[in-house]
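What follows is one structure encoded as structure tokens, with my remarks underneath.
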Amino acid sequence: MSLLLTCPAGLEDLVRGDLLERDEVRSVLAGPGTVRCDSAVERDRLPAMVDRVAVPLDLPDDGGTAAETASAVGEIPWDSYGLGASVTFRVHLPGSAEQKRRAGIIDAVQDRLGWRNDPSHWAVNLDLSREATQSGSARAELGPWAWAARYGAFERLPATTPGPVSAGLVRLAKLQDGQTLLDVCGGVGTVPVLDGMLRVGRSISVDNDGASVAAARHNIASHGLGGRVEVIEADAADLPLPDGSVDRVVSDLPFGKRIGSNELNRTLYPAILREIERVLTADGRCVLLSDDKRVFAESVAKARGLKIVGERVIRYNGVTPTAYIVRRSRRPKSRGRMSPGQASGRTKISP
Ligand SMILES: C[S@@+](CC[C@H](N)C(=O)[O-])C[C@H]1O[C@@H](n2cnc3c(N)ncnc32)[C@H](O)[C@@H]1O
């Protein structure tokens, strides 16, 4: 059984590391944002950074005949994917010139496997586009294994962080059970809600936008996380939280494109960092995503009490922001002196 796992580019090593560490599943890097496993993986054991899951299809470069396609689909051990008795499918073969061919494949698959063609409620999406077959990456995508099916629907807004990207940020934060996570720009709450589903501990979502806060409340309730994840409508530059009360800050900051501006970030980032420095525990860790890289680096440099200890570029939906790992560069004044290790410079992030 072979599976192709898609994740945001830049997180492949974390996906592979988790598969190996948790379930001894070996995998290879199949391309940017794609990991291939050649042994069984359970749906519920997939790392949360995995977005889509597909079974590779062995087809000739020209796609083959409709009967050959149905035969390649028929060779897959479908019982192992828990799709149930009545499987719905669609065929992705774009272009009006392909209409006849698509119809032939639909008929052949229905005849051979007894599946039902349902383009809007499919469990299997046969990606047979010319580019896919010619590059040897024709595949059958498994709808019930996709991120949205595994973690449930989220109310979203245009700036919402995709679930698998949020999962990558949470993964980089190295949270332990019982710790407190804070998202200072929580939006619809994707990061804290996901954290609430993966871990035991407190998660707080702060945002100053009423619509985002309302959506976050909805997402918390729809995921059954009331009482576990809190939402606070507040300014990230003036957090209503006590000093030293947060173990991890994980946030997708405004990039200054869709939300705010680069000019605004020049004052917003330093103000947010000042508050983070205040509420973070002495050994706290932050994972802060930004595409306004210069302003972010300059703001941390000016913060004095914080330093960047690692960076990782993540690519998704046409953007390539950096996830910065930020720690204290010295202990808070009231809590003693800086240890020698804390003075060290920036390093590449280890998984
Ligand atoms: C990139 S979005 C974060 C998206 C979020 N991770 C989600 O999944 O919805 C940035 C968020 O920062 C919020 N924001 C901007 N300025 C803020 C401020 N001063 N205080 C708190 N939140 C702020 C915006 O309302 C927006 O929801």
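The values are calculated or read from the model by the stated rules, or taken from the named source; none is laboratory data. Because the structure is a prediction, the values reported are computed rather than measured. All Cβ positions, even for glycine, are placed from backbone atoms using ideal geometry, and neighbour counts span all protein chains on display. Accessible surface areas use protein heavy atoms only, side chains included; no ligands, DNA or RNA. Shrake-Rupley method; radii C 1.70, N 1.55, O 1.52, S 1.80 Å.
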>> Among 24, 12, 263, which one shows the highest mean-square fluctuation when the chain is modelled as a Gaussian network with alpha-carbon springs under 10 Å?
In response: 263
>> Looking only at the chain, where both bridge partners belong to it, what percent of the DSSP beta bridges are antiparallel (to the nearest 5)?
In response: 60 percent
>> To check you understand DSSP bridge types, tell me what percent of the beta bridges within region 152-343 (both residues inside) are antiparallel, rounded to 5.
In response: 45 percent
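For residue 13 and residue 149, FRET efficiency with R0 = 30 Å and r from the beta-carbon atoms, rounded to 0.05?
0.75
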>> Given the options 214, 316, 299, identify the residue whose Cα lies farthest towards the positive end of the charge dipole of region 152-343 (+1 on Cβ of Lys, Arg; -1 on Cβ of Asp, Glu).
In response: 299
>> Output the 0 to 90 degree angle, nearest 10, between the alpha-carbon long axis of helix 99-113 and the longest principal axis computed from the alpha carbons of the chain.
In response: 80 degrees
>> Normalised radius of gyration for region 221-322, please: alpha carbon Rg relative to 2.2 N^0.38 Å, two decimal places.
In response: 1.13
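For region 1-61, state which trypsin sites (Lys or Arg not before Pro) are in a DSSP loop and have at most 15 other beta carbons lying within 10 Å of their beta carbon.
Counting only loop positions with at most 15 other Cβ atoms within 10 Å, the trypsin sites (Lys or Arg not before Pro) in region 1-61 are 26.
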> Which whole-number percent gives the relative contact order of region 152-343, counting Cα pairs below 8 Å spaced six or more residues apart?
Replying inline: 18 percent
> In nanometres, what is the gap between the two model label sites at residue 319 and residue 176, each 7 Å from Cα along Cα-to-Cβ?
Replying inline: 3.3 nm
> Which FRET efficiency value, to the nearest 0.05, do you get for residue 131 and residue 211 by plugging their Cβ-Cβ distance into 1/(1 + (r/R0)^6) with R0 = 51 Å?
Replying inline: 0.85
>> Using a probe radius of 1.4 Å on heavy atoms only, what accessible surface per residue do you get for the chain? Whole Å² is fine.
In response: 46 Å²
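Given Cα pairs under 8 Å that are at least 6 residues apart, what percent is the relative contact order of the chain? Numbers along the way, then the final one.
Details: 709 pairs, mean separation 43.6, N = 351.
Dividing the mean separation by the residue count of the chain yields 12 percent.
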>> Using a Gaussian network model on the chain with a 10 Å cutoff between Cα atoms, which of 240, 192, 94 fluctuates the most?
In response: 94
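At 0.36 nm per residue, and after removing the present C-alpha to C-alpha distance, how many nm does the segment from residue 298 to residue 99 gain when stretched out fully?
Details: separation 199, 0.36 × 199 = 71.64 nm, distance 5.44 nm.
The residue 298-residue 99 span can extend by a further 66.2 nm.
On the protein heavy atoms, probe 1.4 angstrom, tell me the percent of accessible surface of the chain carried by carbon and sulfur. Please list the in-between numbers first.
Values: 7870 of 16190 Å².
Heavy-atom surface of the chain belonging to carbon and sulfur, 1.4 Å probe: 49 percent.
Please report the antiparallel percentage of the DSSP beta bridges confined to region 3-150, to the nearest 5. Walk me through the numbers before you get to the answer.
Details: 18 of 24 bridges.
Roughly 75 percent of the DSSP beta bridges within region 3-150 come out antiparallel.
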> Taking Cα centroids, how far is region 148-185 from region 86-111 in Å?
Replying inline: 36 Å
>> What do you get for the angle between helix 293-303 and the principal long axis of the chain? Use alpha-carbon atoms, 0 to 90 degrees, nearest ten.
In response: 30 degrees
> When the chain is modelled as a GNM with alpha-carbon springs shorter than 10 Å, which of 245, 129, 96 fluctuates the most?
Replying inline: 96
>> Among 182, 194, 136, whose Cα projects farthest towards the positive end of the dipole of region 130-198, with charges put on the beta-carbon of Lys, Arg (+1) and Asp, Glu (-1)?
In response: 136
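Computed over the Cα atoms, what is the radius of gyration of region 1-140 divided by 2.2 N^0.38 Å, N being its residue count? Walk me through the numbers before you get to the answer.
On the way: Rg = 15.5 Å, N = 140, 2.2 N^0.38 = 14.4 Å.
Cα Rg divided by the expected 2.2 N^0.38 Å: 1.08.
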> Roughly how many Å is it from the Cα centre of region 18-32 to that of region 222-257, as a whole number?
Replying inline: 32 Å
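Work out, step by step, the length gained on full extension between residue 24 and residue 44: first 0.36 nm times the residue separation, then minus their alpha carbon distance; give nm to one decimal.
Working: separation 20, 0.36 × 20 = 7.20 nm, distance 1.49 nm.
Gain on extension, residue 24 to residue 44, equals 5.7 nm.
What is the Cα radius of gyration of the chain over 2.2 N^0.38 Å, N being its residue count? Before the final figure, lay out the partial values.
Details: Rg = 22.8 Å, N = 351, 2.2 N^0.38 = 20.4 Å.
In units of the 2.2 N^0.38 Å rule of thumb, it is 1.12.
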> Once you put a point 7 Å from the Cα of residue 67 and another 7 Å from the Cα of residue 107, both along the Cβ direction, what distance in nm separates them?
Replying inline: 1.3 nm
